[in-house]
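Only one structure is covered here, and it is reproduced in the block below.
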Amino acid sequence: MAGKYDEIDQMILDSLTDKPKQFYLIYGGKKLYQACVMIAGPNTDPARVLDRRLQALKKKGLIYHSKGWQLVPF
């Protein structure tokens, strides 16, 4: 069964490379922004949804932050 955040997590991973990417550039993607809005609901800032998902992916060891968000090299 797919988790609630699987789609947004995949969109985030697809938007990142081995080059640093700033938060606002990730958040600026229309589909990703819309997914954040849908998850956030009326009382939460959609940017907080993206921030929480970035932190969750970082905790899983899939991405890291160094002058911007990047994929962990394998």
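The portion of the accessible surface of the chain made up by carbon and sulfur, rounded to a whole percent, is 56 (1.4 Å probe; DNA, RNA and ligands excluded).
In this structure Lys4 has an accessible area near 140 Å², from a 1.4 Å probe over the protein heavy atoms.
Here Asn43 and Phe23 are evaluated by their C-beta separation; at R0 = 25 Å the FRET efficiency comes out at 0.70. Considering all C-alpha pairs of the chain, those separated by over 19 Å amount to 28%.
The values are calculated or read from the model by the stated rules, or taken from the named source; none is laboratory data. Note that this is a predicted model, so its numbers are computed, not measured. Note that each Cβ is placed from the backbone with ideal geometry, even for glycine, and that neighbours are counted across all protein chains shown. These accessible areas exclude ligands, DNA and RNA; they are computed on the full protein's heavy atoms, side chains included. Shrake-Rupley method; radii C 1.70, N 1.55, O 1.52, S 1.80 Å.
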